[in-house]
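Visitor: My structure is below; once you've seen it, I'll send some questions.
Each reported figure results from applying straightforward, stated rules to the coordinates on display, with no laboratory input. Just so it is clear, the structure is predicted and the values come from calculations on it, not from any experiment. Quick reminder, even Gly has a Cβ in these numbers, built from the backbone with ideal geometry, and neighbours come from all protein chains shown.
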Amino acid sequence: MTYATQLNLTDRFGERMLIDLTDRAEVATGLIDVDVIDRALADTDAFIDGYLAARYVLPVATVPDLLVDLAQAIAIYKLHVYAPDPKIEEDYKQAIRTLKDISTGAVRLSIAGAEPEGTGGSGVRITDRERPLTAQNLKGFI
């Protein structure tokens, strides 16, 4: 399952930017290279799955908006051959931090069928006997 599509990238970053990033032909065509976009999106999906696999069953049935946003930030960063704009680089770094938080459970996704890991316990339990302080059991301390 893909987390973002070419249409998502076009809506967010504009057709002109995608043409500039993907038209890598010897003679420029002035068109978006769909193969380059598909490769970046596939790499992005694999990258995100690596973080999600720690907590969630893959593939996810429905893609939350947060994952779509993260996928767009990662994919546009991956499309850059040279140094990206500082905003794109910062969005990429923030996406990585958010994915780390998802993998540790600090951020939870509302995905059907995914339950957080439990500890197996149901709360605090006291199982020890009462220990009254008497002269007998304090022998040697008094």
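Visitor: Can you find, among ALA106, PHE47, GLN94, the residue farthest towards the positive end of the dipole of the chain? Put +1 on the C-beta of Lys and Arg, -1 on that of Asp and Glu.
Guide: Comparing the listed Cα positions along the dipole, ALA106 ranks first.
Visitor: Can you pull the one-decimal nm distance between simple spin-label points at ARG129 and ASP49, each 7 Å off the Cα toward Cβ?
Guide: According to this spin-label approximation, the distance is 5.8 nm.
Visitor: Using a 10 Å Cβ count of at most 14 others and DSSP loop calls, identify the longest part of the chain lacking such chymotrypsin sites (Phe, Trp or Tyr not before Pro).
Guide: Details: sites that count: TYR82, PHE141.
My reading of the result: 1-81 is the longest stretch.
Visitor: Tell me, which longest segment in the chain has none of the trypsin sites (Lys or Arg not before Pro) that fall in DSSP loops with at most 15 further Cβ atoms within 10 Å? Please report the intermediate quantities before stating the final value.
Guide: Numbers: sites that count: ARG24, ARG108, ARG125, ARG129, LYS139.
By the stated rule (loop sites, at most 15 other Cβ atoms within 10 Å), 25-107.
Visitor: Return VAL124, VAL57 ranked ascending by Cβ neighbour count within 10 Å, so the fewest neighbours appear first.
Guide: On the way: VAL124 5, VAL57 13.
Ascending number of Cβ neighbours within 10 Å: VAL124, VAL57.
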